Amino acid sequence: MPVIDGMELLKSTKEQFPLIEFIMVTGHGTIERAVEAIKAGAYDFISKPFKRADMLRIVEKALEKFSLARENSFLKQQLAEIEHQKHNFIGSSSHAREIKSLVRRIANTPSNILISGESGTGKEVIARMIHNNSDRMDKPFVAVNCGAISEHLMESELFGHLKGSFTGAIRDKEGLFISAKNGTLFLDEISTIPLNLQVKLLRALEEHEVLPVGSTKTYPIAARIIAASNRDLQKEVAENRFREDLFFRLNVIEVNIPPLRQRAEDIQLLTTYFIERMNKGLNKNVQGVSVEALHALQAHSWPGNVRELENVIERAMIFCDDELILSKHLPPMFLAQENNSPTSLKEAVAHFEKKHIGTILTLTNGDKKEAARLLDLGVSSLYRKISELGLEK
Ligand SMILES: Nc1ncnc2c1ncn2[C@@H]1O[C@H](COP(=O)(O)OP(=O)(O)O)[C@@H](O)[C@H]1O
Ligand SMILES: [Mg+2]
């Protein structure tokens, strides 16, 4: 070869592109040269004259190795990104720092954990973070939203069933407790589990085994249980909607996530984080938020917590063609707050009520019963407020 020889080419290329595989071909092969090439990172070595079939075999193997390595590094990069984006509890407030240090302390224990906090505060983020910081990280993480499963299917979802145990059970089904293997089972919205099933859940947790529907044989469970609730479980216990013994069994360690309005310090960091993450997805190059917009974000009460913030930022990014997110890119509600501030107390209260009830109704997609529950109002009082405040639209 002119200018540099094969060995030099191998060395300098490997340095820059370690994934590229080399097969050295030489007319005057010696053992020494072969050893030197392999040491420098060549995949294999063949001397002239060689058989076509021999060369093909080596090339095929090298390609196989190359594609595996490439896939691997791609997956790792993706994993790192997912890890970074989805399962990282972002926050620098003292609340956030306390939560993160608690998570590190409890992650690697087998104890049951109860995560409490309003909707959208990051309960699932914390559950995944606990899993990812434990030695179960490479085992399954199975999340189930108990509120989203109909009551009569919940038992078989959780514990499994045998073929023929009820109409529609056309084959055996493995329950989620078993699917989670020796990983983590995340039971979200645990307060929605009906009382009769709470008994069975308690039994499963105490005996470390499950009884599938229609089965007489129990199966051992090895998964670690993390439960979450956006309702105050102690209140549910006091009002006989949740079994006290199950509450104690689940609540070995409690992680409470305060609402975003109690850690407004986190708003700026979260906003930056969401902007950076969404720049990629939305193909934008937004650099940050203006001071006014940031103040408006910090003044908001965030009934939907971080989930609401995430949505507000996404919306703002879509409307933003500038370098910065400005107040005008925020939902109209944020502007109203700045421009026509009411002066009398009565007006101010009505203004706030209207805004707050409006947010909650948006959050519940107009479901008035759910909105009344969140607002801690009677349904009829909510209807009255809606008409008084002109919120029908
Ligand atoms: N501290 C946080 N850092 C980053 N993202 C967060 C944080 N808290 C919540 N999120 C995001 O907000 C949304 C709601 O979080 P989630 O864990 O589902 O809340 P919850 O389970 O309490 O309703 C998710 O998209 C999540 O990624
Ligand atoms: Mg959730």
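The values are calculated or read from the model by the stated rules, or taken from the named source; none is laboratory data. Everything numeric here is computed off the predicted structure, so don't read it as measured data. Note that each Cβ is placed from the backbone with ideal geometry, even for glycine, and that neighbours are counted across all protein chains shown.
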Would you list the helices (runs of 4 or more DSSP H) that sit entirely within region 211-314 and hold 1 or more residues that are more than 22 Å from the chain's Cα centre (by Cα) and within 16 Å of ligand 2 (Cβ to nearest atom)? 233-238
Output the residues belonging to region 233-262 that are crowded, with 18+ Cβ neighbours inside 10 Å and among the aromatic types (Phe, Trp, Tyr). 242, 247
For region 124-150 the number of residues that are acidic (Asp, Glu) and either closer than 12 Å to residue 108 by Cβ or within 16 Å of ligand 2 (Cβ to nearest atom) (or both) is 2
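Is it true that some residue in region 98-108 is of a type outside the set (Lys, Arg), closer than 11 Å to residue 257 by Cβ, surrounded by 18 or more Cβ atoms within 10 Å (Cβ to Cβ) and within 16 Å of ligand 2 (Cβ to nearest atom)? If you could, list the steps in order and put the result at the bottom.
Step one: list which residues in region 98-108 are of a type outside the set (Lys, Arg), which gives 98-99, 101-103, 106-108.
If we keep only those that are closer than 11 Å to residue 257 by Cβ too, we end up with 98-99, 102-103.
Those left that are additionally surrounded by 18 or more Cβ atoms within 10 Å (Cβ to Cβ): 99, 103.
This time we only want the ones that are within 16 Å of ligand 2 (Cβ to nearest atom), so: 99.
Checked against the condition, which is being of a type outside the set (Lys, Arg), closer than 11 Å to residue 257 by Cβ, surrounded by 18 or more Cβ atoms within 10 Å (Cβ to Cβ) and within 16 Å of ligand 2 (Cβ to nearest atom), region 98-108 yields at least one hit.
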List every residue pair whose Cβ atoms sit under 6 Å apart, with the two residues 6 or more apart in sequence or on different chains, where the first one lies in region 110-127 and is under 13 Å from residue 303 (Cα atoms) and in the same structural domain as residue 144 (by TED's automatic domain parsing) and the second, anywhere, is among the basic types (Lys, Arg) and near ligand 1 (Cβ under 6 Å from one of its atoms). 117/123; 120/307
For residue 61, are the conditions met, namely being away from ligand 2 (no atom under 16 Å from the Cβ) and at pLDDT 85 or above? yes
Residue satisfying all of: in region 26-72; surrounded by 10 or more Cβ atoms within 10 Å (Cβ to Cβ) and among the acidic types (Asp, Glu); nearest to residue 9 (Cα to Cα) among these: 36
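So which residues in region 96-108 are farther than 22 Å from residue 277 by Cβ and touching a residue at least 60 places away in the same chain (Cβ under 8 Å), if there are any at all?
Initially, region 96-108 is screened for residues farther than 22 Å from residue 277 by Cβ, giving 98, 101-102, 104-108.
Answer for region 96-108, where residues must be farther than 22 Å from residue 277 by Cβ and touching a residue at least 60 places away in the same chain (Cβ under 8 Å): 102, 106.
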Quick one: how many residues across region 300-320 are more than 12 Å from ligand 1 (Cβ to nearest atom) and either of a type outside the set (A, V, I, L, M) or surrounded by 14 or more Cβ atoms within 10 Å (Cβ to Cβ) (or both)? 8
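Does region 160-193 hold any residues that are β-branched (Val, Ile, Thr) and within 16 Å of ligand 1 (Cβ to nearest atom), and which are they?
Taking region 160-193 and keeping what is β-branched (Val, Ile, Thr), we get 167, 170, 178, 184, 190, 192-193.
Of everything in region 160-193, those that are β-branched (Val, Ile, Thr) and within 16 Å of ligand 1 (Cβ to nearest atom) turn out to be 184, 190, 192.
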Testing residue 191 on (1) touching a residue at least 60 places away in the same chain (Cβ under 8 Å); (2) assigned to a helix (DSSP H, G or I); (3) of a type in the set (Ser, Thr, Tyr), one condition comes back false. Which one is that? (1)
